[in-house]
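Encoded as structure tokens, the structure appears first; notes follow it.
The values are calculated or read from the model by the stated rules, or taken from the named source; none is laboratory data. All figures in this text were calculated on a predicted structure; none of them were measured in a lab. A quick note on method: Cβ atoms are made from the backbone with ideal geometry, for glycine too, and the neighbour counts reach across all protein chains shown. Ligands, DNA and RNA are excluded from the accessible area calculation, which covers all protein heavy atoms including side chains. Shrake-Rupley method; radii C 1.70, N 1.55, O 1.52, S 1.80 Å.
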Amino acid sequence: MTRFLHSLAATAIFVLSMAAPASAGAVHTDVPETVDPNARYLIYLHGARPESSPLSEPHPTRGIFKYNKIVSAFAAGGLEVISELRIEKTNPRRYARTRTLEQVKALIAKGVPAHHITVAGFSKGGLMALIVATQAKQPKQPKLNIVNMAGCGKGQFRKAYENFLANDASKMSGRMLSIYDSKDKNSGSCKETGAKSAQLAFEEIVLEVGAGQDTFYTPRKA
């Protein structure tokens, strides 16, 4: 198991570091009509900021959330990116189960193997990714990849995370990588989640960028 987790971490780091591919991918707002079963698909779920503010409006302390540059950077790394800007006050549980999970199922139905699909979420999107992982043990989905970027809340955001731990975490399966910055005041370790389910392969990386949530506001090699 230890060797497997090290392999998982290495694979996730390779994907997220946007290493130079043979060819660039594309950005889609939904599952494309035609898919390549050999391609790697990334469903990216952004944080709460774009739900209530235009992308051009800077956050009071974090600056502009560079959504378009982030998804473009993933695509430039060879990933087929599926992402959309959500509407205001999106219910994370409902969205994860009715929108994101349906996209995963659609990709699989079109011939994409589950291990070629990654659901990656930042902050609120990270919580959504966790919810998707509670459904990952359904047929043909046990190898689904989940990346949680600063999505396990603490402080004022702890309540939603505790609710997930109490009611959902034990249902998780698949392969999960947790990433957060050591200076983040709003989110932290997801190890409690990893310990809740024996069906979840879990690994966690703590970044030392020193920018807290801002770490994920722009594309970074870290």
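Can you report the number of residues in the stretch 40-60 which are in contact (Cβ under 8 Å) with a residue 60 or more places away in the chain and open to solvent by 70 Å² or more (accessible area, probe 1.4 Å)?
Residues meeting the conditions: 1.
Among the numbered criteria (1) in contact (Cβ under 8 Å) with a residue 24 or more places away in the chain; (2) on the phi < 0 side of the Ramachandran plot; (3) surrounded by fewer than 16 Cβ atoms within 10 Å (Cβ to Cβ); (4) charged (D, E, K, R), which one does R94 miss?
Answer for R94: the failing condition is (1).
Among the residues of the stretch 97-122, which ones are surrounded by fewer than 17 Cβ atoms within 10 Å (Cβ to Cβ) and under 28 Å from N186 (Cα atoms)?
R97, T98
Between a residue in the stretch 109-123 that is under 15 Å from T34 (Cα atoms) and any residue that is in a loop (DSSP other than H, G, I, E, B) and open to solvent by less than 30 Å² (accessible area, probe 1.4 Å), which pairs come within a Cβ distance under 7 Å, given they are 6 or more apart or on different chains?
Final answer for the pair search is K110/V35; G111/V35; V112/V35.
Of S189, S182, S178, which residue is touching a strand residue (DSSP E or B) at 6+ places or on another chain (Cβ under 7 Å), within 15 Å of V119 (Cα to Cα), at pLDDT 90 or above and of a type in the set (S, T, Y)?
Values: S189 fails: within 15 Å of V119 (Cα to Cα); S182 fails: within 15 Å of V119 (Cα to Cα).
Answer to the check: S178.
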